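**Student:** Questions regarding the structure given below will be posed in turn.
The values are calculated or read from the model by the stated rules, or taken from the named source; none is laboratory data. All values derive from a computational prediction rather than experimental measurement. No Cβ is skipped: glycine too gets one built from the backbone with ideal geometry, and neighbour counts run over all protein chains shown. Just the protein is used for accessible areas: all its heavy atoms, side chains included, with ligands, DNA and RNA removed. Shrake-Rupley method; radii C 1.70, N 1.55, O 1.52, S 1.80 Å.
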Amino acid sequence: MQRRIAFASFAGTAIEFYDFFVYGTAAALVFPTLFFPALGATAGTVAAFASFAVAFVARPLGAALFGHLGDRLGRKRTLTYTLLLMGLSTVGVGLLPSAASIGVAAPVILVVLRFLQGIAVGGEWGGAALLAVEHSEPGSRGRSGMYPQLGPGTAFFLTSVTFLISGLTMSRESFVAWGWRIPFLLSVVLIAVGLYVRLRIAETPVFRAAEPSRRWPLRAAFTAHTRHILLGGGALSAAFGLNYIGTVYLTSYGTAVLRLSQPTMLLLGVIGGLVLVAATAAGALYSDRVGRRRVILGGNVAAVVCGLVVFPIIDSGSVALVGVGLCLLLVVGGAVLGPAAAYMAELFETEHRYTAVGLSYNLATVLGGAVPPLVATALQAAYGSIAVGVLMAAYGVLSVVCVLALPETRDHPLR
């Protein structure tokens, strides 16, 4: 049973984040040309990343909506809804005509579909984390919570592989014309697999044993834990900033500024995805030994240093050093996010845990995942890449302060 639960939580988040990252990679590579051609190169890239950021605005809404359902109806049923919504939205992007075909309607529909992706992934993570952690024993919650956290790294790996194969097997013209759609349409197969796995698992014993809540989960969560929701979001924001600068912005920066080839950047993304998986696993497993807070605090201190040194390394233009810089971003970010599922679950009570966990985690994604890729292009154009690194270091300082204000939770009971 434990293996089935672990695989279900891992497979679901991997599929959801594959869909999420596919959009980010396409936004870096082809969306400025296809959907924002009238804006020019720089403004088109900013607009493409702005459409990418729309999903982060939607993620807290998804956390509130699906958190309510998850705290009332259960984790398992709610996760089925999030997977279906994500799959349909992603396929919709893959079928969407470009601006050359339907004019201004194309970017408008693109933004709507991206918003729906955000709603879905905002409701996904909290349920997947609780599915794993609420089935686990106290001494192994970090390990159990590792499985949904491996999803983003695996998704980045799969996204890079898919785009790399598409780009290498067809001309640039064909890739821009239709090849970029393949990764989106492949989502149909992945969603079918995810639904099959999730429909075969049981509801968590912690939820089944809990007394039904007579209060609205959203109100209950903020009444009891406003401080922890906000601090938890701040504690993880630097890790998200590092990860999304590495997985989204660096793809565009490497091709547009450093003039590295698209296949080169995608190959580095394949390597980076594997590194992110390894770092996430290490952080999660180590947290069972020394505590969640200590691992997250150490990672955020490293984020301050990483922000200041990473772009001088990347700006060498050497493929090897760009790879080193990318891996540095993902190692630090992954180590912090590894214990996040267990840490977030242990901070809140069962009756509103899905809602509170989702809100806190998705607050971090808004702060760290939406803002840096959106402003990085403008910062780099105005002040150079060092400004992006300083921004990442500032995020690290914010996260250190937030972690210091939070308790250790390794020995907290879930029931």
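**Student:** By how many degrees, 0 to 90 and rounded to 10, does the Cα axis of helix 292-314 deviate from the longest principal axis of the chain?
**Tutor:** On a 0 to 90 degree scale, this one is about 10.
**Student:** Also, quick follow-up: How large a share of the accessible area of region 87-192, in percent, is made up of carbon and sulfur atoms when the probe is 1.4 Å and the other protein chains stay in place? Can you show the working numbers first?
**Tutor:** Working: 2800 of 3720 Å².
Carbon plus sulfur share of accessible area: 75 percent.
**Student:** Computing the accessible area with a 1.4 Å probe over protein heavy atoms, can you report the carbon and sulfur percentage for region 198-262?
**Tutor:** 57 percent
**Student:** Take the alpha carbon gyration tensor of region 161-208, find the square roots of its eigenvalues, order them as a ≥ b ≥ c, and report rounded if a/c is under 1.5; if not, report prolate when a/b exceeds b/c, else oblate.
**Tutor:** Because a/c hits 1.5 or more and a/b exceeds b/c, region 161-208 counts as prolate.
**Student:** Could you identify which residue out of Arg292, Arg227, Arg198 has the top mean-square fluctuation in a GNM of the chain using Cα springs shorter than 10 Å?
**Tutor:** Arg227
**Student:** Using only Cα atoms and rounding to the nearest 10 degrees, what angle (0 to 90) does helix 41-73 make with the longest principal axis of the chain?
**Tutor:** 20 degrees
**Student:** Would region 317-365 count as rounded, prolate or oblate if I go by the C-alpha gyration tensor, calling it rounded below 1.5 in a/c and otherwise prolate when a/b exceeds b/c, oblate otherwise?
**Tutor:** Working: a/c = 7.09, a/b = 3.38, b/c = 2.10.
The shape class here is prolate.
**Student:** Heavy atoms of the protein only, probe of 1.4 Å, neighbouring chains included. What is the accessible area of Met392 in Å², nearest 10?
**Tutor:** Counting only protein heavy atoms, Met392 exposes about 0 Å² to solvent.
**Student:** Measuring with a 1.4 Å probe in the full set of protein chains, what accessible area per residue, in whole Å², belongs to the chain?
**Tutor:** Normalised by residue count, the accessible surface of the chain is 36 Å².
**Student:** I've got another one for you. Ranking request for peptides 185-194, 55-64: highest mean number of other beta-carbon atoms within 10 Å first, then the rest in descending order.
**Tutor:** 55-64, 185-194
**Student:** I would also like to ask the following. Given a cut-off of under 8 Å on Cα pairs at least six residues apart, what relative contact order in percent is computed for the chain? Numbers along the way, then the final one.
**Tutor:** Working: 802 pairs, mean separation 109.0, N = 415.
Result for the chain is 26 percent.
**Student:** Still on this model: Take the alpha-carbon centre of region 139-206, take the same for region 23-87, and report the distance between them in whole Å.
**Tutor:** Here the answer is 15 Å between Cα centres.
**Student:** Still on this model: Please work out whether region 104-227 counts as rounded, prolate or oblate from its C-alpha gyration tensor, where a ≥ b ≥ c are the square roots of the eigenvalues and a/c under 1.5 means rounded, while otherwise a/b larger than b/c means prolate and anything else oblate? Working shown, then result.
**Tutor:** Numbers: a/c = 2.76, a/b = 1.80, b/c = 1.53.
Here region 104-227 falls in the prolate category.
**Student:** Separate question: For region 265-415, what % of the accessible area comes from carbon and sulfur atoms, probe 1.4 Å? Numbers along the way, then the final one.
**Tutor:** Numbers: 3790 of 5150 Å².
About 74 percent, which is the carbon plus sulfur part of the accessible surface.
**Student:** Keeping all protein chains in the complex and leaving out DNA, RNA and ligands, what accessible area do you get for Phe10 with a 1.4 Å probe, in Å² to the nearest 10?
**Tutor:** Counting only protein heavy atoms, the figure is 50 Å².
**Student:** So how far apart, in nm, are the two label points at Phe222 and Arg200 if each is 7 Å from Cα heading toward Cβ?
**Tutor:** Roughly 4.1 nm, to one decimal.
**Student:** Evaluate 2.2 N^0.38 Å with N set to the residue count of the chain, then give the Cα radius of gyration divided by it. Please report the intermediate quantities before stating the final value.
**Tutor:** Details: Rg = 19.9 Å, N = 415, 2.2 N^0.38 = 21.7 Å.
My calculation over the Cα atoms of the chain gives 0.92.
**Student:** Another question about this same structure. Nearest 10 degrees is fine. How inclined is helix 187-198 to the longest principal axis of the chain, computing both from alpha carbons?
**Tutor:** Taking the Cα atoms of the chain, the angle to 187-198 is about 10 degrees.
**Student:** Kindly provide the helix-only [θ] at 222 nm of the chain, computed as the sum of -39,500 (n - 2.57) over DSSP H runs of four or more divided by all residues, to the nearest 500 deg cm²/dmol? Walk me through the numbers on the way to the answer.
**Tutor:** Working: 19 runs with 329 residues, N = 415.
Calculated mean residue ellipticity at 222 nm is -26500 deg cm²/dmol.
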